[in-house]
Every structure is written in structure tokens, then in C-alpha cells.
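The structure under discussion appears below in the form of C-alpha cells.
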Amino acid sequence: MQQRLHAIRHRHLFRQLSPLSHGSTPWISVDGHKLLNLSSNNYLGFADHPHLKQAASAAIEQYGCGTGSSRLIAGSTFLHQQLEARLAAFKGHEQALLFTSGYQANVGIIAALAGPRDIILSDELNHASLIDGCRLSGAQSRTYAHCSLIALQQQLEECSTSGQRGLTFVVTDSVFSMDGDLAPLAEIAALCERYQAFLIVDEAHASGCLGPAGRGLVAQLPQSAHENILTISTLSKAFGSIGAFMSGTTLMKDFLINVARPFIFTTSLPPADLAASLAALDLLEEDPDLPGRLQQKAAFFRTSLQQLGFDTLASATHIIPLLIGDAERTMHMAAHLREEGLYAVAIRPPTVPMGASRLRFSLMASHTDEDLFFALDIIKKVGSQMGLV
Ligand code: PMP
């Protein structure tokens, strides 16, 4: 352990936990200092919304704190059923199935669907949980260049002519968590249809934030494409709660209930979190323009950073990287920003490739215009002090 930690420290990649008060709100306090939070996935500001808090408290009063069991034993309640029905309707899919976290959903779903005879084609920037699912499945997993339709088509072509006996899967995030860019989903879905590959899309950062009324980016595809797409979404980000769900067909749901081990062998989500997610759906349905307002703020912030001369990669969403490159310099910039009142974490390898360290800003609908001007002033000042712009 010591040797490995020493090597991690040496490469400026050592990580430590630092407790924050109210980690999910726009303003947090760290060691008594007030900081503007630009690192939360509480994108719609729901995590501390009174409607969610009331719903969660009421559910605890009525049902208690835990379910005491997995779904297939004695842990499947009417609240689970109600939330699944509401999530399926929200997504416009036949069914939804809850998981205890997005990580578990991704690992469990991929490992349930794919096996050693199959091939999985996976975008090189996919989230770690998708990568781990590919590994656990035992399938032959191949990465394709980030968002490259040419590379994907080439690999699909190879699969279709190689005489392999198994199935072909394509796995992609719809919004990439560290770059904030978008997968070309319509084209990927068309390729999957053409080569008879099954598509798995992780909408962790899109659900609640993008697409029609926040329904995600799969919702923009024609309904006919949905039969062969399995969508995974989290409840831990825009929904302000915890947990995840797959949405798709009845066949997919029945299959996963019977085969996905992280669904079968874990205790079900507790009442408070289910009630909070139901309350988040209420809020989204009452205010379907909220995701659009988040994207407007993000567009303003991103354009302003670009005008200052920063590299925001191909971000097109509320996740906005500020590329620095070197891990040590990135840590320096994060520390300077913090001294000036901004909380923006440095993202370093292995989360991103070597030489691609960055600050990752994530915007919340609850950030005010003043918050954004405050942040931009500080980023400009620190960036020019460091010779970045
Ligand atoms: N998928 C993506 C793209 C993510 O960014 C994350 C979490 N950051 C997850 C899945 C895992 O979700 P959860 O936090 O609910 O486990």
C-alpha cells in the first residue's frame, strides 16, 4: 500500500477527502470559508429543494428508514412500483427498473446482457462503470475513438464479417462526464440498426438536463429506434436523490430482474430516496423549461470562458471542462481558485487521459447570474496570473 501510494503522490495524483457543508448547494462552506460550488452534479438544485425534503421526511415517518431486504425477497414496495411507473412514463418507455446506484446499474446490466461469446464496442471516454461492466461480462471489449462514427462503423463491419457467433453491443454515454460533449446518438443508433447491434446508452448526465423537457437524448430518437436501445439514467444528479434506473421494454425489465446480479443481490432503495425522486419528477413536470434554463446558463458560461481564451474542449452542455494538461498545474489552479472563493475540483488521470488534466465546472440551475459573473472574474484573474490566458 505504501509503495503504491508513494508512486501516486510522486505523480501528483494523490487524492484526499475534504468534508464540505452542504456539498450540493451553489454556496458551500469549507473550513469556515464560503465558496461558490462549481463541482456538484445537483444540476437542477433539487437535492435541497423543500419539496424533496418534505417528501423524504414524510416517507420516513410513514414507512421508516430502510426496506430491510432486496427487491426479490421482501424489499419491493408500492413506492418502488410507483416510481418505476412514473420514470417509464417520463422517458416514454414501456418499463423502468430501479437500481441502487448508477455504478451498480451499469456494471450489472452490461454483465447480464453480454457474455464471453459476444463483442462490446465501447467509446474510449465512457464512464468507469461502463468499462467495469464490459470487463465483468467476459465479452471481448473493444474501444473505438471518441465519438468517431468512422471507427465505430469499421469495427461493426469487422464484427459482421468475422463470423463471430455471439451478439454485438455498442455502449456509450450520451453526455460524456468529463468533457461535457455529446455522442452522435442518432447516427450511432442508425449504425446499430444496420449492423444488428444492441445499443446501451448511459444518460446519467442527460436525464433531467437535456432533451425534450429533460427526458434525455434517447427521447429525441424516433420511437422505432427504441426497441433495441437500453437506457440507463441516474437519480443521483439532476434528480437530487440517489439510485438509478434502466428504461426500455418489458422484455428487458423481466430479463434484468432475473439475471442482473447487482439488482438481485442488494437491498432495495429506501423510502426517503424513492419519495425524493418522485418529488423531483413532480418538479420537472411542473417546470419543463428548467432544463432549458440550465443549458442557457451553461452556454453563457462556456462562451465567456472561450472568449477569455480558455480551452473548453468540445463541451456542449452544463459540464464544462477547462483544459490545463499538466496534473500539477491543474492542482495549482484549483488551489488558487479556492483561495479566491471558488470550489472547482481538479480532474486528473486515471479519470482522464495523461496530459489532459483539467478543471471540470458543472453548472446548476440554482446558480444566479451574479454567481456566474463572480466565478468568471476569479477564473480570469487566476488564469492570467498563471499565464494560461
Ligand atoms: N455514469 C456516468 C456517466 C457517471 O458520471 C456516473 C457518476 N458520476 C455514473 C454512471 C454512476 O452513477 P452513480 O453516482 O449514481 O453511481
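Would you kindly give the portion of the calculated P(r) for the stretch 177-238 that falls above 17 Å, as a percent of all Cα pairs? It works out to 37 percent of all Cα pairs.
Report, in listed order, any pair from K91/K253; K53/K297; K237/K380 with a Cα-Cα distance greater than 23 Å. Over 23 Å Cα-Cα: K53/K297; K237/K380. Think of the chain as having a plus end and a minus end, set by charges on the Cβ of Lys, Arg, Asp and Glu; of L251, F198, Q385, Q385 sits farthest toward the positive end of this dipole.
Label the chain by shape, choosing from rounded, prolate and oblate, from the square roots a ≥ b ≥ c of the eigenvalues of the Cα gyration tensor; if a/c is under 1.5 it is rounded, and otherwise prolate applies when a/b is larger than b/c, oblate when it is not. Verdict is oblate for the chain.
Of all DSSP beta bridges confined to the chain, the antiparallel ones make up roughly 55%. In terms of its C-alpha gyration tensor, the stretch 7-88 comes out prolate, because a/c is 1.5 or above and the ratio a/b outweighs b/c.
Find the centroid of the Cα atoms in the stretch 329-359 and in the stretch 235-264, then give the distance between the two in whole Å. Each part reduced to its Cα centre gives a spacing of 33 Å. Classify the stretch 317-389 as rounded, prolate or oblate, taking a ≥ b ≥ c as the square roots of the eigenvalues of its Cα gyration tensor: rounded when a/c is under 1.5, otherwise prolate if a/b is larger than b/c and oblate if not. It is oblate, given that a/c is not under 1.5 and a/b is not larger than b/c. Surface composition of the chain: carbon and sulfur atoms hold 54% of the protein heavy-atom accessible area at a 1.4 Å probe.
Surface analysis of the chain yields an accessible area of 45 Å² per residue, using protein heavy atoms and a 1.4 Å probe.
The values are calculated or read from the model by the stated rules, or taken from the named source; none is laboratory data. These numbers were taken from a predicted model, which means no experiment stands behind them. As a convention, Cβ positions derive from the backbone with ideal geometry for all residues, glycine included, and neighbour counts pool all protein chains shown. Side chains are part of the model used for accessible areas, which takes the heavy atoms of the whole protein and leaves out ligands, DNA and RNA. Shrake-Rupley method; radii C 1.70, N 1.55, O 1.52, S 1.80 Å.
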